[in-house]
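Nothing in this text is a laboratory measurement; each read-out follows from the coordinates by a stated rule. No experiment lies behind these values; they were computed from the predicted model shown. When we count neighbours, we look across all protein chains shown, and the Cβ atoms used for this are built from the backbone with ideal geometry, even at glycine.
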Amino acid sequence: MGQLYSKSIRRIPVFGVSVDKAIAKDFDLKINHKPDCLDYLLKKTRFSRQELKYLYQAFKQSCPKGFVEKQEFFQILKGFYCIRHTANAEPYASLMYDSLDPNAKGFITFTEFACNLSLLMRGALEEKLEWIFNLYDGHSRGYLLEDDFVHVYKAVLSLTGPITMKDRNLTIIVRKRIKKSFLKFDANKDGRITRNEFINCCLNDRGVLHALETFKVSW
Ligand SMILES: [Ca+2]
C-alpha cells in the first residue's frame, strides 16, 4: 500500500508550470496524495493563507515530488547544519525525521511538515515541550531513560564537529555530563522521566525557556 502510494506521488506534474499555478493546481486537486486543501491547512496550522503558499512554494522547490523521504530529509538538514564539513548531521536528522514521521510510513507530507513547523513556531509552550519530549522518546514508551538522553546528546554533539560515535569513552563522558540533568528532570527519582516530569521541569528552567525562545526567533 505504502509503495503504491509513493509511486502515485511520483507522477505529480510540477515542472513546466509557474509556481503559482503549481500551488493552485496542487491545492485544488482532490486526490489523496495531493496536499490537503488550503482551508484545511488554515484550520490545522497557525499560518495565514499567504504564509502557507510561500511555505508550500519553498517545500516544493526542495521536494518537487510533494513529499520528503528520509534520505532527502538527511540531505536537506545536512546542508542546513553542516557548517563544518567534518560534522555529521545524520544522527540529528534521523531524530528529527522520526518525530515528523512517527508511524514510519517512509515519507513526510507537506501537511505534516506545515503542522509541525506551525507548532514549533507558534504553538503554546506546553505544545512545544510535548514535541521535544516526543523527539527524545524515540521508542514511544511515554517515558525517558538515561539512554534516551545520551542518544540525543550525542546526536547534537555530532553537529558541532568530528566525534567518533562508536567511541566507548565518548559514551562514558556523555553519561557523566547528562547525569545531573537527568536527575533534575526525574522528580520522583525512579530512573524514568515521565512526560509530566519533563514538562514541569522545563517550565521551571530558564535555560530551556530561553532556548525555546531563540528557536522561535531563528525560524
Ligand atoms: Ca520519574
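What is the calculated FRET efficiency for residue 172 to residue 139, with r their C-beta to C-beta distance and R₀ = 30 Å, to the nearest 0.05?
Details: r = 23 Å, r/R0 = 0.75.
Efficiency at R0 = 30 Å is approximately 0.85.
In segment 122-211, which trypsin sites (Lys or Arg not before Pro) are in a loop and have at most 11 other Cβ atoms within 10 Å, using DSSP for the loop call? All intermediate terms of the calculation are to be shown ahead of the outcome.
Working: sites: 122, 128, 141, 154, 166, 168, 175, 176, 177, 179, 180, 184, 189, 192, 195, 206; in loops: 141, 166, 189, 192.
Passing both the DSSP loop test and the Cβ count: 141, 166, 189.
Return 99, 158 ranked ascending by Cβ neighbour count within 10 Å, so the fewest neighbours appear first. Could you put the intermediate results ahead of the total?
Details: 99 17, 158 20.
By the 10 Å Cβ count, ascending, the order reads 99, 158.
For residue 104 and residue 43 in the same chain, what is the full-extension length gain: residue separation times 0.36 nm, less their Cα-Cα distance, in nm? If you can, show how the numbers build up before the last one.
Working: separation 61, 0.36 × 61 = 21.96 nm, distance 2.50 nm.
19.5 nm is the gain from fully extending residue 104 to residue 43.
Taking neighbour Cβ counts within 10 Å as the exposure measure, how do 76, 172 sort from fewest upward?
On the way: 76 15, 172 10.
Neighbour counts put them in this order, fewest first: 172, 76.
Are any of the pairs 128/184; 60/105; 154/176; 44/78 more than 22 Å apart by Cα-Cα distance, and if so, which? Working shown, then result.
Working: 128/184 20 Å; 60/105 20 Å; 154/176 13 Å; 44/78 29 Å.
Those over the limit are 44/78.
Quick check on the exposure proxy: order 92, 136 from fewest to most C-beta atoms within 10 angstrom. Could you put the intermediate results ahead of the total?
Values: 92 22, 136 18.
Starting with the residue having the fewest Cβ neighbours, the order is 136, 92.
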